[in-house]
Amino acid sequence: MFGGSPFLFHFINSSRRSLPGDYSHALSLVSSAPHFSFFPSPPSSLLYLSPSIFHSLLHLPFSLLSSSPANTPHQKPKGSRKVERDRTMSSAFSAGKFTTQPFPLNTTSPRSHDKPFNIPSATSPFFGSSRKLRLNSSSKLNLHRRSGTVVAVSDVVKEKKSKFAPNLLITKEEGLVLYEDMVLGRAFEDMCAQMYYRGKMFGFVHLYNGQEAVSTGFIKHLKKEDSVVSTYRDHVHALSKGVPARAVMSELFGKTTGCCRGQGGSMHMFSSEHNLLGGFAFIGEGIPVATGAAFTSKYKREVLKEADCDHVTLAFFGDGTCNNGQFFECLNMAALWKLPIVFVVENNLWAIGMSHLRATSDPQIYKKGPAFGMPGIHVDGMDVLKVREVAKEAIGRARRGEGPTLVECETYRFRGHSLADPDELRDPAEKAHYAARDPITALKKYLIENSLASEAELKAIDKKIDEVVEDSVEFADESPLPSRSQLLENVFADPKGFGIGPDGQYRCEDPKFTEGTAHV
Amino acid sequence: MAAIFQGVGAAAALSSSPSNSFDSKKLLFSPRRSFSVKKGASVVVVRSDGNVNLDLNPRGRRAQQLIANAVATKADSSATSSSSKPGHELLLFEALREGLEEEMERDASVCVMGEDVGHYGGSYKVTKGLATKFGDLRVLDTPIAENSFTGMGIGAAMTGLRPVVEGMNMGFLLLAFNQISNNCGMLHYTSGGQFTIPIVIRGPGGVGRQLGAEHSQRLESYFQSIPGIQMVACSTPYNAKGLMKAAIRSENPVILFEHVLLYNLKERIPDEDYICNLEEAEMVRPGEHVTILTYSRMRYHVMQAAKTLVNKGYDPEVIDIRSLKPFDLYTIGNSVKKTHRVLIVEECMRTGGIGASLTAAINENFLDYLDAPIMCLSSQDVPTPYAGTLEEWTVVQPAQIVTAVEQLCH
């Protein structure tokens, strides 16, 4: 009845996880076609990977505007494939789309001479597994193969979850860490907005509200030595990675105590101590840098013989970037050399005012992974626990040297693209839909309903974070602005690069140089 | 500490024959340290005809002292060869390879990335044999994705490696402009000094033999405004090896411009370890009448013109500026103060080229010393044509240089 995976059903039987969401609908999708991404690794490792990966894949489709097709601001693209595009935005991730797409699998030709690529053929059971398909009692599943209305399966915790055994995903400590990190991100960004409108920070400030689950879900799995590369929407990545709120706020105020001495600003957060490699203003620019950091990790292990070097790099970027050449070039190189990197797409559906669907021929970004020989995974980015599960697998894969992974996190930004964006294009219904799926609210509910934390404990964390953010503002306010002498520092690592002046001395030896008034 | 320069032979003017083999015997400086001789050292002036004399008159001494830093001579000569090794002869691309290989042996974090640098040995054989010796990861064959592999080099440099990125042709690095400008030049600054980017980006550029417009580009003019990078251009096997090594050892991002037509230059270079200072210019031929500033391939056109000029009674001072960014205003300034006339000969386009910037810099700093406006001979603002005759006319030829000097010295 399907080419779907035996694992899925095996999973249903065996691992009873307590996760928010409604599986049944999603299962119907799985049953129709192999729409989740192809793992080029041998089946045995898939067994290890699969459960949680599949978990998130179950929540692939969900509605964006399921109830109001008339409200969509965009037009039907011309000449588009009928099945996929004759709907509103809700069809973007609907079931119907998956079934019509033939799954391109290059199964026969090896990729290169030296490494025969072991791909199970498309016609065999999905992962070459000989496991028999076992249907469980959920054969009463609703097989909505071409359902027009797609239910939002990744909503906040539903009550039917009680039928699962209490096998929680996180411990109390982990839960509180996640909660605190997300609240820090949210509170910090809200404070940024306030400070911006009060004239304390300037320029382009891009806030992360609504996307905290992605940052927290991924970065909290990392060690200090692992690297993170971000975009201009980098405040929360910096905070999650461990850069103190004070340093980030000072940087935003342009003070000399900022993490980049006030020289970077909102879009260029760097921290060598915490291995945050930026902060890039042009989209796509950071992906090659992340690839380079992953290359260094591999180089250290294989050339410099630092056997325990298993540092992983995470590259965060958005949906708009996925149409950029650097993205594809780096997917290719990372998969080619099996670099320890995870490409995390924060698909918030909008690149300033450009809807993802209007910009992308095939909006399903996760499918671009297998085209380059790496797994592509789609996960509900509004749910920190799901993101965490996927992140664990992807980061684990990279750490074991199995190569890169492309993870598409479906998420949403509650605010405009930047504080200068009036945000008039997005449909209020869409915003309301996602506001109802606020990741912090969801986690809070989960923690309380599973008795992992009490209301009081969470409120205490809220209060603590408020104090941290207030303190960071105070610190930034009181910090000094950069002095003139800082102007010419740090242009070159070796200031001899400014050259030799007419008097025969190196320009950096000129006393005016250190004062910042030298003419270079 | 006095340093004695000994001439090794005439700074022979080079023939402009189309053959690729040049013999360049030049006055070259082989420093023991990266900084050259201190000012005020008494020096032996080496004349272009190879005679060595000690010039004791005050004006001469001052002139000697002024040019002390810039004089480039070989440390060994036939007279004192017992104290130093004989050196070895090689071609320019081999000198580049030697420099690269020595640095890779010296520091395990030095690696090479580029198209066809590994198994193919480099499209101009600069990296030949290195992949066999150091492995496929240290000499990495990349896919054809300049922007991304240059960015990858930058990311690797930020995290502890010292990559040497090769652009198969400098023109291809236009695709990497995003990474070179935004990340290579800027990340040290925008990170507040937290990350250094000790990357070397190198490749052959310049007008070749009928390679067509896109393979004949001179990117030094496009890159020169990028803050945070250094640019150097090599022109002889000696300075090619020296600059390569200095660039690799430098903590700054350095772009090393090579020239397609100079790869087969032959020269005898010292056996011992040496580097060339990245910020210094090279005195090719001291003189009195006019300062000719040049770099890369035009150096040879200038030296050929110099032969004619000497026969006509002129005494040009030829300086290979080598450091395209920043300019060595000390060497250049001293020369201007001596000769009061400046001719710039370059292969860049007329508009916005290195010559344009150099003209501005000299005018700004040394206007009082000029007896005549600076003349700048550059390539025509024309996409390099394929036809041989047309191509010849877009680039500065020795005859034009002779005419220009005659005009200047009137």
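Taken over segment A:235-282, the criterion of being within 8 Å of another protein chain (Cβ to nearest Cβ) and either more than 25 Å from B:ILE180 (Cα to Cα) or among the basic types (Lys, Arg) (or both) is satisfied by A:GLY258, A:ARG261. Applying the set (1) under 22 Å from A:GLY262 (Cβ atoms); (2) away from every other protein chain (no Cβ under 14 Å); (3) assigned to a loop (DSSP other than H, G, I, E, B); (4) over 24 Å from the mean Cα position of the chain (by Cα) to A:LEU452 leaves exactly one unmet item: (1). Contact map, segment B:340-369: residues that are more than 13 Å from chain A (Cβ to nearest Cβ) and free of Cβ contacts under 8 Å to residues at least 60 places away in the same chain paired with residues that are open to solvent by 10 Å² or more (accessible area, probe 1.4 Å) and part of a helix (DSSP H, G or I), Cβ distance under 7 Å, separation 6+ or inter-chain. Pairs shown: B:HIS340/B:TYR369; B:ILE344/B:THR359; B:VAL345/B:HIS301. With respect to being open to solvent by 60 Å² or more (accessible area, probe 1.4 Å), more than 30 Å from A:ASN167 (Cβ to Cβ) and part of a loop (DSSP other than H, G, I, E, B), A:LEU481 fits the description. All conditions but one from (1) under 24 Å from A:PRO495 (Cβ atoms); (2) away from chain A (no Cβ under 14 Å); (3) part of a loop (DSSP other than H, G, I, E, B) apply to B:GLY242; the one that does not is (3).
Here the condition is being among the basic types (Lys, Arg) and modelled with pLDDT of 95 or more; of B:ARG209, B:ARG162, it holds for B:ARG162 alone.
Residues checked against (1) in contact (Cβ under 8 Å) with a residue 12 or more places away in the chain; (2) buried (at least 22 other Cβ atoms within 10 Å of the Cβ); (3) assigned by the TED database to the domain that holds B:THR351; (4) assigned to a loop (DSSP other than H, G, I, E, B):
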residue	(1), (2), (3), (4)
B:GLY203	yes, yes, no, no
B:GLN210	yes, no, no, yes
B:ARG218	yes, yes, no, yes
B:TYR222	yes, no, no, no
B:SER235	yes, yes, no, yes
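Filtering B:ASN311, B:ASN365 for residues that are open to solvent by 50 Å² or more (accessible area, probe 1.4 Å) and in contact with a Pro (Cβ under 7 Å, 6 or more places away or on another chain) leaves a single hit, B:ASN365.
Of all the criteria given as (1) under 30 Å from A:VAL473 (Cβ atoms); (2) out of contact with any Ser or Thr (no Cβ under 7 Å at 6 or more places or on another chain); (3) without any contact (Cβ under 8 Å) to a residue 24 or more places away in the chain; (4) in a loop (DSSP other than H, G, I, E, B), the one not satisfied by A:GLU251 is (4). Just to verify a result, which residue in segment B:110-147, among those that are in a helix (DSSP H, G or I) and free of Cβ contacts under 8 Å to residues at least 24 places away in the same chain, is nearest to B:LEU92 (Cα to Cα)? Among those residues, the one meeting the criterion is B:ALA131. Identification of strands (runs of 3 or more DSSP E) wholly contained in segment B:323-395 with 2 or more residues that are more than 17 Å from B:MET231 (Cβ to Cβ) yields B:342-349, B:375-379. Residues of segment A:291-340 that are of a type in the set (A, V, I, L, M, F, W, C), more than 13 Å from A:ASP226 (Cβ to Cβ) and in a helix (DSSP H, G or I): A:PHE295, A:CYS322, A:PHE327, A:PHE328, A:CYS330, A:LEU331, A:MET333, A:ALA334, A:ALA335, A:LEU336.
Yes/no per residue for (1) open to solvent by less than 70 Å² (accessible area, probe 1.4 Å); (2) of a type in the set (Phe, Trp, Tyr); (3) at the interface with chain B (Cβ under 7 Å from one of its Cβ atoms); (4) closer than 29 Å to A:LYS200 by Cα:
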| position | (1), (2), (3), (4) |
| --- | --- |
| A:LEU487 | no, no, no, yes |
| A:LYS496 | yes, no, yes, no |
| A:CYS508 | yes, no, no, no |
| A:THR514 | no, no, no, yes |
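Tell me which residues, restricted to segment A:388-423, are part of a loop (DSSP other than H, G, I, E, B) and farther than 24 Å from A:HIS235 by Cβ. Matches in segment A:388-423: A:ARG400, A:GLY401, A:GLU402, A:GLY403, A:PRO404.
Before we move on, is B:THR159 in contact with a strand residue (DSSP E or B) (Cβ under 6 Å, 6 or more places away or on another chain) and within 14 Å of another protein chain (Cβ to nearest Cβ)? No, not satisfied.
Only one of the listed residues (A:GLY203, A:GLY279) is at pLDDT below 95 and open to solvent by 10 Å² or more (accessible area, probe 1.4 Å). That residue is A:GLY203.
The lone criterion from (1) open to solvent by less than 30 Å² (accessible area, probe 1.4 Å); (2) over 29 Å from the mean Cα position of the chain (by Cα); (3) more than 30 Å from B:MET231 (Cβ to Cβ) left unmet by A:TYR446 is number (2). Contact annotation: residue pairs with Cβ atoms under 8 Å, 6 or more positions apart or on different chains, pairing a residue in segment A:446-460 that is of a type in the set (A, V, I, L, M, F, W, C) with a partner that is part of a loop (DSSP other than H, G, I, E, B) and open to solvent by less than 20 Å² (accessible area, probe 1.4 Å), are A:LEU447/A:ALA453; A:LEU452/A:ILE170. With respect to the stated conditions, B:LEU211 fails to be within 13 Å of chain A (Cβ to nearest Cβ) and hydrophobic (A, V, I, L, M, F, W, C). Each residue in segment A:490-517 was checked for being in contact with a Pro (Cβ under 8 Å, 6 or more places away or on another chain) and in a loop (DSSP other than H, G, I, E, B), and 3 of them qualify. Checked against the criterion of being over 20 Å from the mean Cα position of the chain (by Cα) and over 15 Å from A:SER230 (Cα atoms), segment A:354-370 has at least one qualifying residue.
From the list B:ALA145, B:ALA156, the lone residue that is under 19 Å from A:PHE280 (Cβ atoms) and buried (at least 24 other Cβ atoms within 10 Å of the Cβ) is B:ALA156.
One residue stands out in segment A:324-345 among those that are under 19 Å from A:GLU410 (Cα atoms) and aromatic (Phe, Trp, Tyr): the one that is surrounded by the fewest Cβ atoms within 10 Å (Cβ to Cβ), namely A:PHE327. Would it be correct to say that B:ALA145 is farther than 30 Å from A:CYS259 by Cα, modelled with pLDDT of 95 or more and in contact with a strand residue (DSSP E or B) (Cβ under 8 Å, 6 or more places away or on another chain)? When the stated conditions are applied, B:ALA145 does not pass them. Selection over segment A:355-387 of residues that are open to solvent by 10 Å² or more (accessible area, probe 1.4 Å), acidic (Asp, Glu) and either touching a Phe, Trp or Tyr at 6+ places or on another chain (Cβ under 8 Å) or not in a loop (DSSP other than H, G, I, E, B) (or both) gives a count of 0. Evaluate segment A:283-297: report whether one residue or more is facing chain B (nearest Cβ under 7 Å) and open to solvent by 10 Å² or more (accessible area, probe 1.4 Å). There is no residue in segment A:283-297 that is facing chain B (nearest Cβ under 7 Å) and open to solvent by 10 Å² or more (accessible area, probe 1.4 Å).
The values are calculated or read from the model by the stated rules, or taken from the named source; none is laboratory data. None of these values were measured; they are calculated from a predicted model. A quick note on method: Cβ atoms are made from the backbone with ideal geometry, for glycine too, and the neighbour counts reach across all protein chains shown. To get the accessible areas, we keep the full protein, side chains included, count just its heavy atoms, and leave off ligands, DNA and RNA. Shrake-Rupley method; radii C 1.70, N 1.55, O 1.52, S 1.80 Å.
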